[in-house]
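Please read the structure below before turning to the comments.
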Amino acid sequence: ICYHAGARMNRFALAHLVNGETLYLEAAKVQLRAILHEWPDWIDQAHMHFGHPADLRTGMLSQDCAMTYDWLYHSLTESERVEIREGIIRRGIQPVLTSLKQNPWWMVDLNNWVTVILGGAATAAMALHEHVPQAQFVIDTATERFDAYLETYGPEGEFNESVSYAGANRLPVGYFNARRFATGGKVDRLREWPFPEMCRWVMHGTLDNKKLIPFGDAWPERDVRTGYIAAVAAAVQDPVLQDFFLRTLSEKHGHPMNLLFYDDRLKPLSPAGREPLAIAYPAHGGMIVSRTSWDQPLTDCILFGKSGREENHEHNDVGMIGFNTLGERLIIDLGSPSGYPADFFESDTRWKYYNASIKGHNTLMFGGREQIYPIRERGEPFLTKPKSGKVTQWWHEPGQGTAWSMDLAPVYSGVKHFIRTVLHLWPGYILVLDDAALEQRESISLRWHTINKAEPTVDGSFIVLNDQAAATGQVI
């Protein structure tokens, strides 16, 4: 609701800035007054139990109101400017300053809360700089936290959440884009690591129907959001990233900021012949992808797996395997519904939900136990990194296929040895071999999740059917 209300207001403001029409000016001012004076909650009621007056809404609405103020500035009377500034300070910046004095948990947890809240407040402080005595403090605090946040990315741009949650990348991109303009180009962070690398990681994690590889709290049917990719492509003049942005373009990119990110002088180039068809990322979730092509509208086969575990929005899915054929899901990851149960993020209750449990992730379960997972409260630092597996062998031959082995034993208790080896012979022959040794005799289970109901025969053979794609398989 906040995102779309802010986008609508910004759209009116930008339209007026471009063509000067009074119609858009008045519409933007009506929206702005409604948000500043009539919007009842600048903090989500579900977040009030934290005891801080600022939350995600506070950051989002602060930024959108400030951008509207900035774009309308020369068409506003001085009394209107004062009214708007006072509203943004009272409802946005001041609650953030009060929260900072309380040492909120989101200053410690380097996730999208700190980037949304501080990023929004600091962007507002840039727009109102000379009218907010503590504006530079807010900007400096936000920049320090953003710099710390970026250090959580892996060496090859891996986000510490699943690729399906990587839409949060738009927050540091938007913040440093604002800093670039506010400093007259003196700060141009988008050219540096991890931004170009992060965008490529998202590109490799995107399926050819604009969907993302559905690890963790993914919504498998939601399209990838890549508006921020255009800003990074423009900053480094990268034609492959420009192509990725244009290939995934949809009406969901209709936020006015995306118009300002895009450089239409940069000519796109296909990743075919320029990007690997198979890749393994070592950090965080350890995403692994083997695809038969980049240049076809519907790829014959995209096989994906993971050897690691993210730090946020993760599932017990280390070692998971799934694949798409001709743009359709066949062996699947369930992802998550579009909302969370009230206790999903509390202590260890997450793993009681089937979609987050090891049971839901196409990998072995021993003795009915979950994989080893961290128990950590909000605002507490990680005492140890989450336990993960790792890729131990890797083979790729262009035109033939890909294979890899993963050591998954570290994420299990009671397991002496567990190696999962995956072979993908192009286009669509896939073998998964599990080799495990246990400390004592106990049950072993493995559930393969198919897009539609599949009935195994007595010898373990089965057929998976989707609309146009199908797979035959056998469990031995």
>> Taking the conditions exactly as written (open to solvent by 30 Å² or more (accessible area, probe 1.4 Å), farther than 28 Å from Ala15 by Cα and among the aliphatic types (A, V, I, L, M)), does Ala272 satisfy them or not?
In response: yes
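Scan segment 428-467 for residues that are of a type in the set (Ser, Thr, Tyr) and assigned to a loop (DSSP other than H, G, I, E, B) and jot them down.
Kept after step one, since they are of a type in the set (Ser, Thr, Tyr), are these residues of segment 428-467: 429, 443, 445, 450, 457, 461.
Passing the criteria: Ser443, Thr457.
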> What residue, among those in segment 402-428 that are in contact with a Gly (Cβ under 7 Å, 6 or more places away or on another chain) and either of a type in the set (Val, Ile, Thr) or surrounded by 18 or more Cβ atoms within 10 Å (Cβ to Cβ) (or both), is farthest from Met365 (Cα to Cα)?
Replying inline: Trp426
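Which helices (runs of 4 or more DSSP H) does segment 136-253 wholly contain that include 3 or more residues that are touching a residue at least 40 places away in the same chain (Cβ under 8 Å) and buried (at least 22 other Cβ atoms within 10 Å of the Cβ)? Give the derivation first.
On the way: elements: 170-182, 195-204, 227-236, 239-247.
Answer list for segment 136-253: 170-182, 195-204, 227-236.
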> Which of the residues that make up segment 88-105 are farther than 14 Å from Ala121 by Cβ and in a helix (DSSP H, G or I)?
Replying inline: Trp105
> How many residues, within segment 263-279, are in contact with a helix residue (DSSP H, G or I) (Cβ under 8 Å, 6 or more places away or on another chain) and in a strand (DSSP E or B)?
Replying inline: 1
> For segment 429-459, which residues satisfy the criterion of being surrounded by fewer than 17 Cβ atoms within 10 Å (Cβ to Cβ) and touching a residue at least 40 places away in the same chain (Cβ under 8 Å)?
Replying inline: Asp434, Ala436, Leu438, Glu442, Ser443, Ile444, Ser445, Leu446, Arg447
>> Which numbered condition in (1) open to solvent by 30 Å² or more (accessible area, probe 1.4 Å); (2) in contact (Cβ under 8 Å) with a residue 24 or more places away in the chain; (3) within 21 Å of Ala168 (Cα to Cα); (4) not aliphatic (A, V, I, L, M) is the only one that Asp109 fails?
In response: (1)
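Go through Pro282, Pro374 for me and flag whichever is open to solvent by 50 Å² or more (accessible area, probe 1.4 Å), closer than 29 Å to Leu150 by Cα and touching a residue at least 12 places away in the same chain (Cβ under 8 Å).
On the way: Pro374 fails: open to solvent by 50 Å² or more (accessible area, probe 1.4 Å).
Criteria check complete, one pass: Pro282.
Out of Arg145, Arg90, which single residue is touching a helix residue (DSSP H, G or I) at 6+ places or on another chain (Cβ under 7 Å) and either over 20 Å from Gly6 (Cβ atoms) or not polar (S, T, N, Q) (or both)?
Arg145
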>> I need every pair where a residue in segment 333-348 that is over 20 Å from Arg369 (Cα atoms) has its Cβ under 6 Å from the Cβ of a residue that is among the β-branched types (Val, Ile, Thr) and surrounded by 11 or more Cβ atoms within 10 Å (Cβ to Cβ), sequence separation at least 6 or different chains.
In response: Asp343/Thr349
> Here are some conditions: (1) closer than 21 Å to Ala278 by Cα; (2) open to solvent by less than 100 Å² (accessible area, probe 1.4 Å); (3) touching a residue at least 24 places away in the same chain (Cβ under 8 Å); (4) in contact with a Ser or Thr (Cβ under 9 Å, 6 or more places away or on another chain). Gly399 meets all but one. Which one does it not meet?
Replying inline: (4)
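Of all residues in segment 419-453, count the ones that are of a type in the set (S, T, N, Q) and within 30 Å of the chain's Cα centre (by Cα). Working first, answer last.
As a first pass, look at segment 419-453 and keep what is of a type in the set (S, T, N, Q): 421, 440, 443, 445, 450, 452.
Within this subset, residues satisfying the condition of being within 30 Å of the chain's Cα centre (by Cα) are 421, 450, 452.
Result for segment 419-453: 3.
For every residue, the table says whether it meets (1) acidic (Asp, Glu); (2) over 18 Å from Ile332 (Cβ atoms); (3) modelled with pLDDT of 95 or more.
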{"residue": "Lys387", "(1), (2), (3)": "no, yes, no"}
{"residue": "His396", "(1), (2), (3)": "no, yes, yes"}
{"residue": "Gly399", "(1), (2), (3)": "no, yes, no"}
{"residue": "Ser405", "(1), (2), (3)": "no, yes, yes"}
{"residue": "Val415", "(1), (2), (3)": "no, yes, yes"}
{"residue": "Ile430", "(1), (2), (3)": "no, no, yes"}
{"residue": "Gln440", "(1), (2), (3)": "no, yes, yes"}
{"residue": "Phe462", "(1), (2), (3)": "no, no, yes"}
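Confirm whether Phe304 is part of a helix (DSSP H, G or I) and touching a residue at least 40 places away in the same chain (Cβ under 8 Å). Step through it out loud before you land on a result.
On the way: part of a helix (DSSP H, G or I): no; touching a residue at least 40 places away in the same chain (Cβ under 8 Å): yes.
No: the conditions fail for Phe304.
The values are calculated or read from the model by the stated rules, or taken from the named source; none is laboratory data. Please read these numbers as outputs of a predicted model, since none were measured by experiment. Note: ideal-geometry Cβ built from the backbone for every residue, glycine included; neighbour counts use all protein chains shown. When the accessible area is computed, the model is the full protein with side chains, heavy atoms only, and any ligands, DNA or RNA have been set aside. Shrake-Rupley method; radii C 1.70, N 1.55, O 1.52, S 1.80 Å.
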